[in-house]
Amino acid sequence: MTKVDYNVRNRTAVIAFEAPPVNSLSYALRAPLLEALERAARDASVDAVVLIGSNGTFCAGADIREFGSPDVLRGPTLWTINTVLDEMKKPVVAAIEGVALGGGLELAMSCHQRVALSSAKIGLPEVKLGLLPGAGGTQRLPRLIGVEGALNVMMSGEPLPVALFKGSPLLQRVVDADLVSAAISVAEEAAAAVKEGKPLLRARDLPVREPDLEALCQFARNTAKTAFKEYPAPLAIIEALQVGAAKGFDAGQQEEFAQFKKLVDSPVSAALRHIFFAERAAQRIDDLPADTKPRAVTKVAIIGAGTMGTGIAINFLNAGIEARLLELNQEALDRGVQRIREVYEGQVKKGKLDAAKLQARMDLLKPVLSYDAIADVDLAIEAVFEDMGVKQKVFAQLDAVLRPGAILATNTSTLDVDQIAAGTKRPADVIGLHFFSPANVMRLLEVVRGAKTAPDVLLTSMTLAKKIKKTAVVSGVCDGFIGNRMINQYFAQAMAMLDEGASPEQIDKAIERFGFAMGPFRMGDLAGNDIGWHIRKRQYAEGTLKRPQVVADRLCEMGRFGQKTGAGWYDYKKGDRQAYPSAIVAGVIEEVRKAAGQPVRKLADAEIVDRLVYALVNEGARILDEKIAQRASDIDLVYLMGYGFPIWRGGPMHYAESQKLYAVARRMRQFGEQEGGDANFWKPAALIARLATDNRSFNGGAA
Ligand code: NAD
């Protein structure tokens, strides 16, 4: 419940505000908070005020749900509260425990003094949402800790331990316990000083002491332009700070407000806020019975110590969970253990890990060769060869030895999880846990829910994902699940555009300029083109691949699997990952085009980008309609965390909405109708056609 308590102790009013879980400053809290401050100002029995958050934390900032809604500017705003604090005649002391972040820190900085518990953290994380601290943060912080420190705090957005600011005017006192008593005593001292005629300590009255302001800001600007090229917030922060430092607090605050309004309306901030909510939404499983409880997982087995198995094991070791690694033979097992050790040794070399931690992690790793040695684990994750026969054999063995209640998971990328489950006597305990390569690095985890997967198995997987620091997204069973099913359409378009006249370099460059970390051809060369070839051969046999990818097949027949064979879509030089355009590949493309007898044309970069991105979007919409994904924002997360989609564009589905679904559907139809176009491929998914007509968005709201 949101409430503000007002208690007078001696002659100090202790105002405790509460808005669970993190006391965010929504309108519902701002209004009674302002009232309490005004009451203290009028209250003749009060000489000073202590402001404290309830529930062990000060305040985590603004209520992000209000951004983009009229409530963000509904009075009283945080600006109103800060102005009232500036005008107070009685000292107000902020008592900080837990966190004071964003608007929470801005509120604290508008108080006259601050006392913190040593365990508390403070920060201005607005930059992470594409915003700046818009309630005086860009003005008060440099006055309290200096320009350079303030720039670092605001540009990083990280929560920082209060110890870093001990001794600066930002924090009058840091205590290990008894926060309220300490704050009251600081407040009483301040009240006594006021009685002696001393002025209140207002951050706004402090000078900005920085002889090299211009140079420092220029340096910060240059850094921002290279490190955060697509993000407008860092530059806006520097601008607001510099104006305030050069022209005074009020001018600075005006600049800050103008910049804030611009950023709130910017597509980048909309995308970053979308991701913030997407990450929270993804944890919800809509149809899970409310009384579902996760199973305990303390021991894990991983079957297969190859690329994926070793990467998966590292996740558990890092989280302090015992991992047994099972292989076919000693040699493969030793190789796997060595690979894990090498990853940790690499981290020690980089100073990210110490020798003791390396040993502690390796101690949690138990290499084994027999299924009997894993009989008591709570979860087994299979990461053996991508072959149904091999996987079914492994599952039969797991089924035979694992204790009742253990979870049987597969890391398959393409195989039918239901078919794997059907081979066991406990399909309710079977689930897909699709990690991405390198599994110890990539944050994405697709949790693949089989037709018979039990609710508590699903919940356990989601809970475990959090423990091993993965972003989990639930997917239903289909070929490729969410991510790879979509990427197949993206690759299909890349191949079609090759046939029509574009080169691998042009296609890669165009989509990389759009912001993808890597274009489809460079990505193929990195992952290994043989993986796709292997899948295509199965799809040709099943008749599920409509359009043969002749050039890709031809290159694989030539052994051009990518970086690992020194040649793929590009040529590579030994010891160099740089991709060099290949005359051989150009020759193959030329030959295949000639044989097909199709007209060849020059494709504009804009067409390349739209076709690649809208191929993802169209398949994403089908996935949503078929309820393979629970929500559009889950699909966005898959692409942002697992496929290098540019973060600042918010994911393919969010991007399509920002372009308006009507326009997207129209463009798809144009691609289908143009000369040589594939009308079947470009038929807008039924969901897109429906939403475009109704002017609605993927989440059901108005477009
Ligand atoms: P890999 O060839 O590197 O490793 C497979 C390992 O499994 C080998 O060490 C092999 O000795 C072992 N193995 C085979 N049969 C076994 C058995 N019966 N019992 C115990 N061990 C056995 O393969 P990988 O790239 O790690 O792929 C493993 C799985 O992960 C596949 O299903 C693959 O589709 C999936 N996957 C791979 C990637 C990727 O990018 N490599 C990404 C996601 C998922």
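The values are calculated or read from the model by the stated rules, or taken from the named source; none is laboratory data. What you see is a predicted model; the values in this text were computed from it and never measured. A quick note on method: Cβ atoms are made from the backbone with ideal geometry, for glycine too, and the neighbour counts reach across all protein chains shown. Protein only, heavy atoms only, side chains kept; ligands, DNA and RNA dropped before computing areas. Shrake-Rupley method; radii C 1.70, N 1.55, O 1.52, S 1.80 Å.
Would you list Thr544, Thr414 from the most to the least accessible area, probe 1.4 Å?
Numbers: Thr544 75, Thr414 20 Å².
If we order Thr544, Thr414 from most to least accessible, we get Thr544, Thr414.
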Practice task
Normalising by the residue count of the chain, find the relative contact order in percent from Cα pairs under 8 Å and 6+ residues apart.
Solution key: 8
Handout entry: Using alpha-carbon coordinates, inclination of helix 233-247 to the longest axis of the chain, degrees
Key = 20
Exercise for the section: Sorted from largest down, give the three principal axis spans of the alpha carbons of the range 310-374, whole angstrom values. Expected result: 37, 22, 17
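Nearest 20 debye, what's the magnitude of the dipole of the chain about its Cα centre given +1 on Lys and Arg Cβ and -1 on Asp and Glu Cβ?
On the way: 87 positive and 83 negative charges, 24 e Å.
Dipole magnitude for the chain comes out near 120 debye.
If you count only protein heavy atoms with a 1.4 Å probe, what accessible area per residue comes out for the chain, rounded to a whole Å²? Can you show the working numbers first?
Details: 30400 Å² over 703 residues.
Averaged over the residues of the chain, the accessible area is 43 Å².
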Practice task
In Å³ and rounded to a whole number, note down the convex hull volume per residue for the Cα atoms of the range 132-199.
Solution key: 115
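If you take the C-alpha gyration tensor of the range 399-502, multiply each eigenvalue by 5 and take the square root, what semi-axes do you get, largest first, in whole Å?
On the way: eigenvalues 182, 54, 21 Å².
Working from the Cα gyration tensor, I get semi-axes of 30, 16, 10 Å.
Computed over the Cα atoms, what is the radius of gyration of the range 334-454 divided by 2.2 N^0.38 Å, N being its residue count?
The reported ratio for this selection is 1.19.
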Problem - Segments 688-695, 53-60, 661-668 sorted - mean Cβ within 10 Å per residue, highest first - result: 53-60, 661-668, 688-695
Handout entry: For the range 473-537, the spread of Cα positions along each principal axis, largest first, Å
Key = 35, 28, 21
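Quote the FRET efficiency, to the nearest 0.05, computed for Ser185 versus Ser119 with a Förster distance R0 of 30 Å and r equal to the Cβ-Cβ distance.
In this case the efficiency is close to 0.95.
At a 1.4 Å probe, what is the % contribution of carbon and sulfur to the accessible area of the chain?
On the way: 16390 of 30400 Å².
Answer for the chain: carbon and sulfur cover 54 percent of the accessible area.
Give, in nm to one decimal, the length gained when the segment between Thr307 and Asp212 is fully stretched (0.36 nm per residue of separation minus the Cα-Cα distance).
On the way: separation 95, 0.36 × 95 = 34.20 nm, distance 5.12 nm.
Here the segment from Thr307 to Asp212 would lengthen by 29.1 nm.
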Fill in the blank from the handout: Cα-based Rg/(2.2 N^0.38 Å) for the range 13-67, rounded to two decimals, is 1.20
Practice task
Can you tell me which of 335-347, 269-281 comes out highest on packing, and rank the rest after it, using the mean Cβ neighbours within 10 Å?
Solution key: 269-281, 335-347
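Quick check on the range 277-405: what does the Kirkwood estimate of hydrodynamic radius come out to from the alpha carbon pairs, in Å? Numbers along the way, then the final one.
Details: mean 1/r = 0.0618 Å⁻¹.
The answer is 16.2 Å.
Per residue and in Å³, how big is the convex hull formed by the alpha-carbon atoms of the range 245-291?
Numbers: hull volume 5.8 nm³, N = 47.
Cα convex hull per residue, to the nearest whole number: 123 Å³.
Return the calculated 222 nm mean residue ellipticity for the chain, to the nearest 500 deg cm²/dmol, obtained by summing -39500 (n - 2.57) across DSSP H runs with n ≥ 4 and dividing by the residue count. Mind dumping the intermediate values first?
Numbers: 27 runs with 342 residues, N = 703.
So the calculated ellipticity at 222 nm is -15500 deg cm²/dmol.
Quick one: which of 17-24, 373-380, 627-634 comes out on top by average Cβ neighbours within 10 Å, and what's the full order, highest first? Kindly include the intermediate steps, with their values, before the conclusion.
Details: 17-24: 18.8, 373-380: 20.2, 627-634: 21.8.
So the order, starting with the most tightly packed, is 627-634, 373-380, 17-24.
Based on alpha-carbon positions alone, could you give the equivalent ellipsoid semi-axes of the range 561-629 from the gyration tensor, as √(5λ), descending, whole Å? Walk me through the intermediate numbers first.
Details: eigenvalues 184, 88, 31 Å².
Semi-axis lengths for the range 561-629 are 30, 21, 12 Å.
Please grab the % of Cα pairs in the range 272-320 that end up more than 12 Å from each other. Mind dumping the intermediate values first?
Numbers: 885 of 1176 pairs.
Value for the range 272-320 (Cα pairs over 12 Å): 75 percent.
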Handout entry: Kirkwood hydrodynamic radius over Cα pairs of the range 239-328, then Stokes diffusion coefficient at 25 °C and 0.890 mPa s, in µm²/s
Key = 133
Practice task
Would you mind checking the tilt of helix 481-500 against the longest principal axis of the Cα atoms of the chain, expressed as 0 to 90 degrees and rounded to 10?
Solution key: 60
Handout entry: Distance violations [Cα-Cα > 18 Å] among Lys537/Lys594; Lys293/Lys470; Lys299/Lys366
Key = Lys537/Lys594; Lys293/Lys470
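Do you know the relative contact order of the range 52-204, to the nearest whole percent, from alpha carbon pairs under 8 angstrom that are 6+ apart? If you can, show how the numbers build up before the last one.
Working: 279 pairs, mean separation 39.3, N = 153.
Here the relative contact order equals 26 percent.
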Handout entry: Helix 661-673 axis, angle to the chain major axis (alpha carbon atoms, nearest 10°)
Key = 20
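Return the Rg/Rh ratio of the range 539-696 with Cα-based radii and a Kirkwood Rh.
Numbers: Rg = 18.4 Å, Rh = 18.1 Å.
Rg/Rh for the range 539-696 comes to 1.01.
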Practice task
Take the Cα atoms of the range 511-595, find their three principal axes, and give me the spread along each one in whole Å, biggest first.
Solution key: 38, 27, 25
Handout entry: Calculated P(r) of the chain - Cα pairs past 38 Å, %
Key = 48
Practice task
Report the label-to-label distance for Ser437 and Arg42 in nanometres (one decimal), using points 7 Å from each Cα along the Cα→Cβ vector.
Solution key: 7.0
Fill in the blank from the handout: In Å, the C-alpha Rg and Dmax of the range 67-168 are 13.4, 40
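Using only Cα atoms, figure out Rg for the range 188-250 and give it as a multiple of 2.2 N^0.38 Å. Don't skip to the end; give the middle numbers.
Working: Rg = 17.3 Å, N = 63, 2.2 N^0.38 = 10.6 Å.
So the Cα radius of gyration is 1.63 times the expected 2.2 N^0.38 Å.
From the square roots a ≥ b ≥ c of the eigenvalues of the alpha-carbon gyration tensor of the range 552-593, which class results: rounded (a/c under 1.5), prolate (a/b over b/c), or oblate? Could you put the intermediate results ahead of the total?
Details: a/c = 3.34, a/b = 1.65, b/c = 2.02.
Oblate, since a/c reaches 1.5 and b/c is not below a/b.
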Practice task
Can you tell me the equivalent ellipsoid semi-axes for the range 1-145? Use √(5λ) from the Cα gyration tensor, largest first, whole Å.
Solution key: 22, 16, 15
Exercise for the section: Please report, to one decimal in angstroms, the Kirkwood hydrodynamic radius of the range 384-429 built from all distinct Cα-Cα pairs. Expected result: 10.6
Problem - q = 0.19, 0.20, 0.23 Å⁻¹, the range 638-681: log10 I(q)/I(0) [Debye, one scatterer per Cα] - result: -0.69, -0.72, -0.79
Handout entry: Violating pairs (Cα-Cα greater than 20 angstrom) within the set Lys229/Lys509; Lys166/Lys352; Lys393/Lys467; Lys128/Lys262; Lys352/Lys469; Lys3/Lys90
Key = Lys166/Lys352; Lys393/Lys467; Lys3/Lys90
